[in-house]
Amino acid sequence: MDEKGKQIRLTAGEIGQLWIQYLNDSSSICVLTFFLEKAEDIEIKPIIEFALEISKSHIQKITAILTEEKNEVPYGFSIKEDVDLNAPRLYSDSFVLNFINHMSKVGLTAYSGSVGTSVRSDIRSYYMDCLTETMQLYDKSTELLLSKGLFIRSPSLPDLEEVEFVKKQWFMLDVFGEKRPLVASEVDNLYANLQRNALGVATLTGFSQVAKDKDVKQFFLKGLEVGNKHIRLFRDKLEESKLPAPMGWDSEITNSTSHTFSDKLMMFYTSGLISLSVGYYGTAVSQSPRGDISAMYNRLSLEVQMYSEDGANIMIKNGWLEQPPMASDRDELIRKKNKL
């Protein structure tokens with residue numbers, strides 16, 4: 001509201017963030033409901049319940065905001081259309097806990113960005129609440145991973161004993177093929193991106209087992225090739241500096257091939273993972289002074305974007321890609337007027 005009590009219209013940033021969040025949370029409700037239905041670990045089950053409650057609450061609040069603003073609510077995803085709760089479990093409870101922990105970290109980044117793009121006080125307040133809830137989810141899931149010995153820590157580095165300054169370009173560039181040891185930010189990004197790809201590979205392995213459409217299955221299989229290639233490259237960079245690399249999650253996938261999630265839902269999730277990769281790789285480039293590391297990320301980012309285009313074509317072909325809010329096409333409006 002402004003000082004006169006008049007409702008201020010949503011900005012492009014506000015409507016765009018609410019729209020994509022609705023899709024994300026409606027898809028999360030489908031996946032989390034299935035995970036909860038199959039959960040056996042009595043310690044992990046409350047974490048799934050908490051995550052599910054958060055997504056349901058978000059859907060209710062976003063629906064109310066969009067309805068009040070006379071905006072159409074996105075179609076999104078539903079239990080009835082996009083998940084078979086009678087299907088056998090597809091992932092272990094340990095995988096689910098790690099998956100929720102990872103997605104909570106993604107949520108923290110997304111919601112902090114949404115606060116920064118929000119102008120209206122009620123929207124800012126909403127996203128601050130989202131941040132608080134997601135911080136609680138991250139904290140709860142992290143504590144449980146730690147207590148179960150499942151949390152994968154990044155490598156430790158030697159204590160910094162004195163302050164030093166870079167004296168040669170060798171720090172930035174390769175000299176006769178020799179490379180300096182990795183700095184802390186490079187280690188952190190390589191390790192985190194390796195973990196993300198390992199989680200993504202495990203997710204796509206399960207998706208590929210239960211996908212129905214031939215093109216969708218082939219798309220997931222191609223994603224496995226891309227993800228495994230990136231894992232090898234990140235592992236090689238860590239091992240060059242004699243640092244350990246985390247293991248994958250392949251053993252946490254069951255042998256189920258029964259229809260579990262709709263191809264539409266799995267394609268949406270995969271597209272989201274692809275978008276996240278591009279963003280994380282871009283951050284890694286900015287935080288990697290060593291020339292070969294930044295060049296590697298730029299190359300892999302292009303590969304991921306080309307893979308993303310294949311996914312978008314499949315979604316468009318099948319009528320699964322919901323169109324986001326757009327600016328008015330003034331040229332088209334003028335053409336229509338001239339035809340009258």
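Just from its helices, what would the mean residue ellipticity at 222 nm be for the chain, if runs of 4 or more DSSP H residues each count -39500 (n - 2.57) and the sum is divided by every residue, rounded to the nearest 500 deg cm²/dmol?
About -23000 deg cm²/dmol.
Return the single residue from 143, 162, 239 with maximal mean-square fluctuation; model: Gaussian network over the chain, springs between Cα atoms under 10 Å.
Fluctuation is largest for 162.
Find which of 137, 289, 278 sits farthest along the positive direction of the dipole of the chain, computed with +1 on the beta-carbon of Lys and Arg, -1 on that of Asp and Glu, about the Cα centre.
Toward the positive end, the furthest listed residue is 278.
Provide 196, 232 ordered by accessible surface of protein heavy atoms (probe 1.4 Å), highest first.
Listed by decreasing accessible area, they come as 232, 196.
When a/c reaches 1.5 or more, the comparison of a/b and b/c decides; with that in mind, is the range 175-274 rounded, prolate or oblate per its Cα gyration tensor?
prolate
Heavy-atom accessible area of residue 31 with all protein chains present, probe 1.4 Å, nearest 10 Å²?
Residue 31 has an accessible surface of roughly 10 Å² with all protein chains in place.
With a 1.4 Å probe and all protein chains kept in place, how much accessible area does residue 187 have, in Å² rounded to the nearest 10?
Rounded to the nearest 10, the figure is 10 Å².
Taking a 1.4 Å probe, which of 285, 201 shows the most accessible area, and what order do the others take after it?
285, 201
Pop a pseudo-label 7 angstrom from the Cα along the beta-carbon direction at both residue 258 and residue 326 and give the gap in nm to one decimal.
Rounded to a tenth, the inter-label distance reads 4.1 nm.
Looking at the square roots a ≥ b ≥ c of the eigenvalues of the Cα gyration tensor of the range 242-283, which shape do they give, rounded for a/c under 1.5, prolate if a/b is larger than b/c, or oblate?
oblate
Rounded to the nearest 10 Å², what accessible area does residue 205 show when all protein chains are kept and the probe is 1.4 Å?
For residue 205, solvent-accessible area is about 30 Å².
Roughly how compact is the chain, stated as its Cα Rg over 2.2 N^0.38 Å to two decimals?
Cα Rg divided by the expected 2.2 N^0.38 Å: 1.10.
I need the phi-derived Karplus couplings for the range 17-31: 6.51 cos²θ - 1.76 cosθ + 1.60, θ = phi - 60°, integer Hz, Gly and Pro marked x.
Karplus values, whole Hz, x for Gly and Pro: 5, 5, 5, 5, 5, 4, 4, 4, 6, 5, 6, 5, 4, 5, 5.
When the Karplus curve 6.51 cos²θ - 1.76 cosθ + 1.60 is applied with θ = phi - 60°, which whole-Hz ³J(HN,Hα) does each residue of the range 232-243 get, with x for Gly and Pro?
Working through the residues one at a time gives 4, 5, 5, 5, 4, 5, 5, 5, 4, 9, 6, 10 Hz.
What nm value, rounded to one decimal, do you get for the distance between residue 60 and residue 139 when each label is placed 7 Å out toward the C-beta?
Rounded to a tenth, the inter-label distance reads 2.3 nm.
How large are Rg and Dmax for the range 23-92 when only the alpha carbon atoms are used, in Å?
In order Rg, Dmax, the Cα atoms of the range 23-92 give 13.8, 43 Å.
Compute the signed sum of charges (Lys and Arg +1, Asp and Glu -1) over the other residues within less than 15 Å, Cβ to Cβ, of residue 309.
-1
Expressed in nm to one decimal, what extension gain is obtained for the pair residue 212 and residue 45 from 0.36 nm per residue of sequence separation less their Cα-Cα distance?
Roughly 57.2 nm would be gained on extension.
Assuming R0 = 25 Å, what is the FRET efficiency of residue 11 and residue 318, from their Cβ-Cβ distance, to the nearest 0.05?
E between residue 11 and residue 318, to the nearest 0.05, is 0.20.
Just by accessible area at a 1.4 angstrom probe, what is the order of 230, 102 from largest to smallest?
Reading off the accessible areas and sorting them downward yields 102, 230.
Which length gain, in nm to one decimal place, applies between residue 73 and residue 306 when the Cα-Cα distance is subtracted from 0.36 nm times their residue separation?
80.8 nm
Whose amide H sits under 5 Å from the amide H of residue 91, counting only residues 5 or more places off or on another chain, with H placed in the peptide plane?
Here the answer is 254, since their amide H atoms fall under 5 Å of that of residue 91.
Using the alpha carbon gyration tensor of the range 1-141, what are the three equivalent-ellipsoid semi-axes (square root of 5 times each eigenvalue), largest first, in whole Å?
Largest first, the range 1-141 gives 31, 17, 11 Å.
What is the extension gain from residue 159 to residue 275, computed as 0.36 nm multiplied by their sequence separation minus the C-alpha to C-alpha distance, in nm to one decimal?
This chain segment gains 38.2 nm when fully extended.
Charges only on Cβ, +1 for Lys and Arg, -1 for Asp and Glu: so what's the dipole of the chain about the Cα centre, in debye to the nearest 20?
Here the chain has a charge dipole of around 940 debye.
Could you state the number of Å between the C-alpha centres of the range 83-143 and the range 272-313?
23 Å
Helix 330-339 versus the longest principal axis of the chain: what angle, 0 to 90°, nearest 10, using Cα atoms?
The answer is roughly 30 degrees.
The values are calculated or read from the model by the stated rules, or taken from the named source; none is laboratory data. Everything numeric here is computed off the predicted structure, so don't read it as measured data. Glycine gets a Cβ as well: all are built from the backbone with ideal geometry, and neighbour counts include every protein chain shown. Just the protein is used for accessible areas: all its heavy atoms, side chains included, with ligands, DNA and RNA removed. Shrake-Rupley method; radii C 1.70, N 1.55, O 1.52, S 1.80 Å.
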